[in-house]
Every structure is written in C-alpha cells, then in structure tokens.
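What follows is one structure encoded as structure tokens, with my remarks underneath.
The values are calculated or read from the model by the stated rules, or taken from the named source; none is laboratory data. None of the values given here were measured: they were computed from a predicted structure. Reconstructed Cβ throughout: ideal geometry from the backbone, glycine too, with neighbour counts over all protein chains shown.
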Amino acid sequence: MKVTKNEREEANMNCLRFQKQEDAIGGIIAGINQAGDIAGKAELASSLQQEVEVLLSCRDYDQNSDDCTSCRFHANVRKRLAGLFIKARKLG
C-alpha cells in the first residue's frame with residue numbers, strides 16, 4: 001500500500017498543528033513506501049502512530065470545524081493503516 005503525494009495534498013488544512021505534523025508524517029509515509037520488508041514498514045508504522053496521535057489528541061479540536069473533522073478523519077485512517085502493518089509483522 002502506498003500513500004500518494006496527491007492524497008497528502010488533498011489533506012491540506014488551515015491548521016498550523018496539522019501542517020507541522022504533516023511534514024513529519026509525510027517523511028514517515030515515504031519511508032514506509034520505500035521499506036523493502038514488512039518488519040521495516042512496521043517499525044516506521046509505530047512512529048506513524050505516535051505522530052498521528054498528536055493530531056488525535058489535539059486540545060483545540062472543534063467538531064464544528066471542517067478542518068478539524070477532516071484532520072481527525074485523516075489521522076484515524078493513518079493510525080489504522082499503521083496498525084495493519086504492525087499486525088502483519090506479528091503474523092509473519
């Protein structure tokens with residue numbers, strides 16, 4: 001599974017916290033995409049989970065803000081994707 005640049009660009013939001021985390025998350029996702037085996041992907045996926053947790057625990061979250069709900073959606077998708085890599089390593 002690869003996350004494309006276009007998918008990341010679509011996620012741009014008017015939030016400094018999101019933009020800061022997106023830089024870190026983008027680097028981790030690039031590493032996951034380049035990792036040759038599931039063990040390498042899973043190791044990076046653990047880092048990805050930590051980075052998205054920053055977004056999921058945002059104290060400025062506003063359920064009435066489109067930016068916030070979109071950010072939370074993207075963070076949850078990434079957290080679940082990272083979880084799949086981690087589970088795959090345990091199965092393999």
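I'd like to check something: does the range 39-47 contain any residue that is of a type in the set (Lys, Arg) and free of Cβ contacts under 8 Å to residues at least 40 places away in the same chain? Looking through the range 39-47, none of the residues is of a type in the set (Lys, Arg) and free of Cβ contacts under 8 Å to residues at least 40 places away in the same chain.
The set of residues in the range 51-92 being within 13 Å of ILE38 (Cβ to Cβ) and either β-branched (Val, Ile, Thr) or in contact with a strand residue (DSSP E or B) (Cβ under 6 Å, 6 or more places away or on another chain) (or both) consists of ILE86 alone.
Taking the range 25-79 as the range and being small (Gly, Ala, Ser) and under 22 Å from LEU91 (Cβ atoms) as the test, the residues that pass are GLY31, ALA35, GLY36, ALA39, GLY40, ALA42, ALA45, SER46, SER47.
Restricting the range 1-30 to residues that are at pLDDT 60 or above and among the polar types (S, T, N, Q) leaves a set whose member that is farthest from GLU51 (Cα to Cα) is ASN14. Taken together, the residues in the range 47-92 that are within 16 Å of GLU22 (Cα to Cα), small (Gly, Ala, Ser) and either at pLDDT below 95 or surrounded by 13 or more Cβ atoms within 10 Å (Cβ to Cβ) (or both) amount to 4.
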